[in-house]
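Comments concern the structure below.
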Amino acid sequence: MRAFLKFDYNLLTKKILEDKLSDFGYKYTIQGFGEIEFHEKVPEAKLEELRYIFDEYGITIIENQKTVLVQKIKDIIHEMIYAEEVPNVKVSVYLAEKLNHSYGYLSNLFSDVTYTSIENYVILQKIEFAKQLFLNDKLSLTEIAFRLNYSSVAHLSKQFKNTTGITPSAFLRIIASRRERNL
Amino acid sequence: MEKEYMHIILADDDEDDRMFFTDAFDELKISTKVQTCNDGVELMNYLNKEDSILPNVLFLDLNMPMKNGIECLHEIKADRRFDDIVIAIYSTSSSEEHIEETFICGANIYIKKPSDFNELKRVLSYVVTLNWQYHTSGLNKDNFLFRM
């Protein structure tokens with residue numbers, strides 16, 4: 001038999017952080033997604049220990065300020081796309097407001113670090129989410145288009161094909177065959 | 001962080017195609033390390049060595065003597081040690097059936113070999129950037145299918 005899982009990423013990460021940090025012995029506050037404030041200075045050796053513990057869960061402590069900002073951009077985009085009620089504002093406006101930088105600055109920084117534009121990244125994330133909604137939530141193309149704020153099914157379909165090179169139906173066919181063959 | 005680079009292997013029996021490929025990568029802005037194998041046997045020998053560094057992306061030609069791309073694909077997919085490798089089929093064939101079959105067997109990417117150097121650069125740059133996003137943004141590799 002096979003069981004299919006759905007994750008609440010926010011809860012999952014928060015729980016892991018709390019579990020690991022309670023053993024760590026330094027007072028802290030979790031500041032929203034992806035930020036922890038320690039109430040006192042943590043010595044480098046202890047930080048190294050934490051790095052090691054986090055590594056097992058795919059959590060990295062970011063050092064470089066540019067990378068921190070890029071990660072924040074990614075988190076906000078993720079939040080926007082995965083929200084039950086997709087906020088009805090442009091990504092550019094939303095990012096600039098939340099991060100207090102001009103969109104031009106954020107956009108240049110993002111391309112420098114990730115080799116891709118914010119716009120492309122948003123599309124990629126949306127299509128990834130569409131794949132999940134197909135496979136795990138068994139939503140139809142129409143339902144997904146509505147959920148992700150596409151103006152029409154055709155628009156979603158076209159963007160899927162443009163981004164992945166294959167049609168949504170071919171994608172589903174391939175994944176279904178893989179599962180049949182247990183790959 | 002700045003030191004991060006992507007490790008790439010190409011298995012292709014055609015010497016010109018190999019040269020073409022490594023030259024294209026030299027001109028991309030993402031830092032990569034490109035290694036080539038002359039056929040499927042050489043590739044599998046390398047991968048199966050315990051101390052070998054596994055690539056982030058493997059480009060596989062389909063038509064190779066001794067051991068072809070599909071045989072390599074099957075062997076790679078049967079071994080959990082290779083789960084993290086993204087597999088790109090790099091072939092001259094563009095038959096729909098062929099393409100879908102390689103995806104079902106576990107390939108992530110299918111690229112029809114372009115004959116023009118600039119086109120090749122464009123395609124490889126796109127694929128490597130896309131893979132970079134999967135690599136750095138924790139996207140689900142099982143759902144990574146891409147055709148160019």
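The values are calculated or read from the model by the stated rules, or taken from the named source; none is laboratory data. Keep in mind it's a predicted model, so treat the numbers as computed, not measured. In this analysis, Cβ positions are derived from the backbone assuming ideal geometry, glycine residues included, and neighbour counts consider all displayed protein chains.
Just to be sure before I move on: is B:TYR46 closer than 21 Å to B:MET6 by Cβ, in contact (Cβ under 8 Å) with a residue 24 or more places away in the chain and more than 14 Å from chain A (Cβ to nearest Cβ) in the structure I sent?
Judged against the criteria, B:TYR46 is a match.
For residues that are among the hydrophobic types (A, V, I, L, M, F, W, C) and surrounded by 18 or more Cβ atoms within 10 Å (Cβ to Cβ), scanning just the stretch B:105-122, find the one that is farthest from A:LEU172 (Cα to Cα). Reasoning before the result, please.
Here is the first cut: in the stretch B:105-122, the residues among the hydrophobic types (A, V, I, L, M, F, W, C) are B:105, B:107, B:109, B:111, B:117, B:120.
Next, only the ones that are surrounded by 18 or more Cβ atoms within 10 Å (Cβ to Cβ) stay: B:105, B:107, B:109, B:111, B:120.
Numbers: B:CYS105: 14, B:ALA107: 15, B:ILE109: 16, B:ILE111: 20, B:LEU120: 29 Å.
Going through the qualifying residues, I end up with B:LEU120.
Residue-by-condition table, conditions (1) part of a loop (DSSP other than H, G, I, E, B); (2) closer than 30 Å to A:ILE144 by Cβ; (3) touching a helix residue (DSSP H, G or I) at 6+ places or on another chain (Cβ under 8 Å):
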| site | (1), (2), (3) |
| --- | --- |
| A:GLU18 | no, no, no |
| A:TYR26 | yes, no, yes |
| A:LYS41 | yes, no, no |
| A:LEU69 | no, no, yes |
| A:ILE77 | no, yes, yes |
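Of all helices (runs of 4 or more DSSP H) completely enclosed by the stretch A:95-183, which ones contain at least 2 residues that are more than 10 Å from every other protein chain (Cβ to nearest Cβ), in contact with a Phe, Trp or Tyr (Cβ under 9 Å, 6 or more places away or on another chain) and surrounded by 13 or more Cβ atoms within 10 Å (Cβ to Cβ)?
A:118-135, A:141-147, A:153-164, A:168-180
Among the residues of the stretch B:103-136, how many are farther than 15 Å from B:LEU62 by Cβ and assigned to a helix (DSSP H, G or I)?
20
Between a first residue in the stretch A:162-182 that is under 13 Å from B:GLY106 (Cα atoms) and a second residue that is at pLDDT 90 or above, which pairs have beta carbons less than 6 Å apart while being 6 or more apart in sequence or on different chains?
A:ILE174/B:PHE103; A:ILE174/B:ILE104; A:SER177/B:ILE104; A:ARG178/B:ILE104
Taking the options A:GLU84, A:GLU63, A:GLU49, name whichever one is over 19 Å from the mean Cα position of the chain (by Cα) and either more than 10 Å from chain B (Cβ to nearest Cβ) or basic (Lys, Arg) (or both).
The unique qualifying residue is A:GLU49.
Output yes when any residue across the stretch A:129-148 is on the phi > 0 side of the Ramachandran plot, without any contact (Cβ under 8 Å) to a residue 60 or more places away in the chain and not assigned by TED's automatic domain parsing to the domain that holds A:SER169, and no when none is.
The answer is no; no qualifying residue exists.
Looking at the stretch B:49-64, which of its residues are surrounded by 13 or more Cβ atoms within 10 Å (Cβ to Cβ) and either among the polar types (S, T, N, Q) or free of Cβ contacts under 8 Å to residues at least 12 places away in the same chain (or both)?
B:ASN56, B:ASN63
Which of the numbered conditions does B:MET64 fail, given that it passes all the others? Conditions: (1) over 13 Å from the mean Cα position of the chain (by Cα); (2) assigned to a helix (DSSP H, G or I); (3) aliphatic (A, V, I, L, M).
B:MET64 satisfies all of (1) over 13 Å from the mean Cα position of the chain (by Cα); (2) assigned to a helix (DSSP H, G or I); (3) aliphatic (A, V, I, L, M) except (2).
Do we have A:LEU69 as within 16 Å of the chain's Cα centre (by Cα), at pLDDT 85 or above and more than 30 Å from A:GLU143 (Cα to Cα) here?
yes
Could you say which residue among B:LYS67, B:LYS29 is surrounded by 12 or more Cβ atoms within 10 Å (Cβ to Cβ) and either touching a helix residue (DSSP H, G or I) at 6+ places or on another chain (Cβ under 9 Å) or of a type in the set (Gly, Ala, Ser) (or both)?
B:LYS67
Kindly check whether there is at least one residue in the stretch A:28-39 that is in contact (Cβ under 8 Å) with a residue 60 or more places away in the chain and either of a type in the set (Phe, Trp, Tyr) or surrounded by 11 or more Cβ atoms within 10 Å (Cβ to Cβ) (or both).
no
Return the only residue of B:TYR90, B:TYR126, B:TYR134 being buried (at least 18 other Cβ atoms within 10 Å of the Cβ) and within 12 Å of chain A (Cβ to nearest Cβ).
B:TYR134
Taking the stretch B:95-112 only, how many residues are away from chain A (no Cβ under 12 Å) and in contact with a strand residue (DSSP E or B) (Cβ under 6 Å, 6 or more places away or on another chain)?
The number of residues fulfilling the criteria is 0.
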